[in-house]
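What follows is one structure encoded as structure tokens, with my remarks underneath.
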Amino acid sequence: MRIRVKVCGISGPAVLEAAVESGADAVGVVFSESPRRVTPRQAAALLAPVPARVARVAVFRRPGEEELREALAACAFDFVQAEAECAAAVAAVTRVRLLPVFHDGPQLADKVRDWIRSPRHGAGVILVDGAMCGSGRCADWDRVAGIAGTTRVVLAGGLTPDNVGDAIRRVKPWGVDVSSGVESAPGLKDPSRIAAFLESVRAAENQILMEEHR
């Protein structure tokens, strides 16, 4: 298995370079209210050197039509990340693939099951975050593990270089997403923590592969 890694909340060239050089599969820029928020013009300049192998993700919560159009006009994105209930609104504006966000809670499995059965499932990848977006709190890994076998899940929420290995071994997600867990202060990412996060992901990935081949 290979775990995809998304580094979210990129806001400066040094951090972007660290994510790309460390082997990130995707980078996200935040357009919603956040210490990591960038403007469409800043995003376009920042993402210009990103190689084709790295997916570009426009990150929103519940985007309005105007802000969505403005961001997508400024820069080419591979995914729009937004709350799952915004799927219809996003589809009305763009054909860029949606990375829908689901929040952990007792109804998580039911909500994901309904999504999978609907035509909105689209790219077949979902992101599962903690109960509250941006809180830095982990989702219930056992609960997420219960749905990881039914669709491709990107696990987010409270992941750090120290705990991402355990998260991967327990959930076996398709991918992981990190933002505040590689920061030295809110909105200030640490390139060394990004590198450490990727190293932890690859170490867990290799451990799982060895166990599967025993």
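The values are calculated or read from the model by the stated rules, or taken from the named source; none is laboratory data. Just so it is clear, the model here is predicted, and its values are computed rather than measured. Every residue, glycine as well, gets a Cβ built from its backbone with ideal geometry; the counts of neighbours run over all protein chains shown. Quick note on the areas: whole protein, heavy atoms, side chains included, nothing else; ligands and nucleic acids left out. Shrake-Rupley method; radii C 1.70, N 1.55, O 1.52, S 1.80 Å.
Remarks
- The alpha carbon convex hull volume per residue for region 58-156 rounds to 92 Å³.
- Alpha-carbon geometry of region 121-200: the Rg and the Dmax are 12.5, 36 Å, given in that order.
- Peptides ranked, highest mean first, by Cβ atoms within 10 Å: ranges 41-51, 74-84: 74-84, 41-51
- MRE, 222 nm, helices only [DSSP H, n ≥ 4, -39500 (n - 2.57), over the chain, to nearest 500]: -11500 deg cm²/dmol
- Placing one equal scatterer on every Cα of region 156-198 and applying the Debye formula, the log10 ratio I(q)/I(0) at q = 0.25 Å⁻¹ is -0.83.
- Taking only protein heavy atoms and a 1.4 Å probe, the accessible area of region 150-214 is 51% carbon and sulfur.
- Reduced Cα scattering model of region 14-71, Debye log10 I(q)/I(0), q = 0.13, 0.20, 0.28 Å⁻¹: -0.33, -0.76, -1.24
- Residue among 87, 145, 203 with the largest mean-square fluctuation in a Gaussian network model of the chain, springs linking Cα atoms under 10 Å: 203
- Screening the chain for whole DSSP H helices of 30 Å or more along their axis (Cα) with average Kyte-Doolittle hydropathy at least -0.5 returns 191-212.
- Projecting the Cα positions of 8, 185, 125 onto the charge dipole of the chain (unit charges on Cβ atoms of Lys, Arg, Asp and Glu, taken about the Cα centre) puts 125 furthest along the positive direction.
- Remark: the chain is approximated by an ellipsoid whose semi-axes, taken from the C-alpha gyration tensor as √(5λ), come to 25, 22, 15 Å, largest first.
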